[in-house]
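**Q** Below is one structure. I have some questions about it.
The values are calculated or read from the model by the stated rules, or taken from the named source; none is laboratory data. Only a predicted model underlies this, so the values are computations on that prediction, with no experimental measurement involved. Positions of Cβ are generated from backbone atoms using ideal geometry, with glycine treated the same way; all protein chains shown enter the neighbour counts. Only protein heavy atoms, including side chains, enter the accessible area calculation; ligands, DNA and RNA are left aside. Shrake-Rupley method; radii C 1.70, N 1.55, O 1.52, S 1.80 Å.
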Amino acid sequence: MKRKLTAVLLGLSLVASLTACGGAKEESAGSQAAAPAAPAADSSAAETEESADTLMGADSATVRFKVGTTTAPEGHYVKGLIEMQSLLEEYSEGEMTLDIYPNSQLGNERDMMENVGMGVQEMCLVSTGPIPNFVADFAALDLPYLFETAEDAYAVLDGEIGQNLLGQLGTQGIVGLGFWENGFRDVTNNTKEVVTPEDLSGMKIRTMENNVHIATYEALGATATPMAWGEIFTALQQGTVDGQENPIAIIESAKVYEVQKYCSMIDLFYSPCVLMISQSIYDGLSDTQKDALTKAANEAKTYQREYSQNYNADAIKTMEEAGVTVTEVDKEVWKSAINYDDIISKSGLKVDQALLDELLK
Ligand code: EAX
């Protein structure tokens, strides 16, 4: 199955992708940000209020990259960025650093991608969820049960298929510095324990703004309700949704478990996240600065993946101690409920039929 899925992925990454948000990128207003950056050099720095959550790099650094994420300061994304912050300061001999803005301080994932593409924000670390709205081929990574293990995912993401996808971010004025880890996505809700797909029937589940995820949850019988991550608590409080789906690391670090009674370990999707820098800002760096940046990013990726892999055990214990019912499910039952043909056609993916037939055989 995995071999066939890789064939599909190869096919998908060859299929000409329709860039949903085409259009020329305005000349970056922030391109001078790569120069010794006075704090307010580019517009977004002036607008961005630092809050208690902001994790500023060394004061003495003269080249500063604002990096935004929707995730919590205690979570696995920010832990990886803190590691990169210190590696970057070391490898640039104190010249460069990251200023880390967690908790959607710089906007939701789609906004941040647009701002990085326009050069008004230097960097972001975002899940692949919203990316297919900009680069259609990324949707291939969001198919359910694509990877058995995280290691299988790393092999594809760090290999030709993943690097080809990162290269396509260039159409959006973005340099993809690498795939980090969000993790296998599990589903939480307040209505009842979810053991089989039938238990999702009629539940309103918040998904990312991602057509493959939406089509998958609809196919499983839920009502998919796409929205940005920053809106989740209001939506749960107002009953707009009954539940949401995310890796345990997000569910625990964002404290979503405090307002959800049930969590089912369905591991429906493997969710990477992508570290991005604005092309115009990257191009303004010297070769030495680029080397320091990519070395720090690569080493932080390995650290962050390891941190993510070790996160669940304690996180699940925290959730159960808070009264959450954490349910292991029979994943074969869930896999047999997945019809790739149905999901791919409903999600509007442009898929080569021969490859699809190969997959479904
Ligand atoms: O990237 O929106 C989501 O559910 C993502 O997993 C979250 O923003 C971290």
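**Q** Within the stretch 185-197, track down each residue that is surrounded by 22 or more Cβ atoms within 10 Å (Cβ to Cβ) and either on the phi > 0 side of the Ramachandran plot or not basic (K, R) (or both).
**A** Going through the stretch 185-197, the residues surrounded by 22 or more Cβ atoms within 10 Å (Cβ to Cβ) turn out to be 185-189, 194.
Matches in the stretch 185-197: D186, V187, T188, N189, V194.
**Q** Hey, among V175, V194, which residue is away from the ligand (no atom under 13 Å from the Cβ), in a loop (DSSP other than H, G, I, E, B), at pLDDT 95 or above and not acidic (D, E)?
**A** Being away from the ligand (no atom under 13 Å from the Cβ), in a loop (DSSP other than H, G, I, E, B), at pLDDT 95 or above and not acidic (D, E) holds for just one of V175, V194, which is V194.
**Q** Pull out all pairs, ordered by first then second residue, where Cβ-Cβ is under 8 Å, the residues are six or more apart or on different chains, the first lies in the stretch 298-312 and is at negative phi and of a type in the set (A, V, I, L, M, F, W, C), and the second is surrounded by 15 or more Cβ atoms within 10 Å (Cβ to Cβ) and part of a helix (DSSP H, G or I).
**A** A300/G80; A300/L81; A300/E83; A300/M84; A300/L87
Residues checked against (1) in contact with a Cys (Cβ under 8 Å, 6 or more places away or on another chain); (2) hydrophobic (A, V, I, L, M, F, W, C); (3) at pLDDT 95 or above:
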{"position": "K25", "(1), (2), (3)": "no, no, no"}
{"position": "G68", "(1), (2), (3)": "yes, no, yes"}
{"position": "G80", "(1), (2), (3)": "no, no, yes"}
{"position": "D99", "(1), (2), (3)": "no, no, yes"}
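**Q** Could you tell me how many of the residues in the stretch 76-106 are out of contact with any Asp or Glu (no Cβ under 6 Å at 6 or more places or on another chain) and open to solvent by 20 Å² or more (accessible area, probe 1.4 Å)? Let's see the steps before the verdict.
**A** Initial filter on the stretch 76-106 (out of contact with any Asp or Glu (no Cβ under 6 Å at 6 or more places or on another chain)): 76-86, 88-96, 98-101, 104-106.
Still in the running and open to solvent by 20 Å² or more (accessible area, probe 1.4 Å): 79, 82-83, 85-86, 89-91, 93-95, 104-106.
Selection size over the stretch 76-106: 14.
**Q** Restricting attention to helices (runs of 4 or more DSSP H) lying wholly within the stretch 202-258, give those where 1 or more residues are away from the ligand (no atom under 13 Å from the Cβ).
**A** Output list reads 211-219, 232-238.
**Q** Restricting to the stretch 309-351, give me the number of residues that are farther than 25 Å from L220 by Cβ, open to solvent by less than 60 Å² (accessible area, probe 1.4 Å) and either of a type in the set (S, T, N, Q) or at pLDDT below 95 (or both).
**A** The number of residues fulfilling the criteria is 1.
**Q** Let me ask something else. Let me confirm something: among E245, E231, which residue is acidic (D, E), surrounded by fewer than 20 Cβ atoms within 10 Å (Cβ to Cβ), closer than 23 Å to E181 by Cα and at pLDDT 95 or above?
**A** Testing whether each residue is acidic (D, E), surrounded by fewer than 20 Cβ atoms within 10 Å (Cβ to Cβ), closer than 23 Å to E181 by Cα and at pLDDT 95 or above leaves just E231.
**Q** Quick check on my filter: what residues within the stretch 119-136 are buried (at least 24 other Cβ atoms within 10 Å of the Cβ) and part of a helix (DSSP H, G or I)?
**A** Within the stretch 119-136, I131, P132 qualify.
**Q** Let me ask another. Tell me, which residue of the stretch 107-121 that is away from the ligand (no atom under 13 Å from the Cβ) and under 17 Å from the mean Cα position of the chain (by Cα) is farthest from T97 (Cα to Cα)? Show your work before the answer.
**A** From the stretch 107-121, those away from the ligand (no atom under 13 Å from the Cβ) are 114-121; that's our starting set.
Applying the additional criterion that residues be under 17 Å from the mean Cα position of the chain (by Cα) yields 114-117.
Numbers: E114: 22, N115: 19, V116: 17, G117: 20 Å.
The selected residue is E114.
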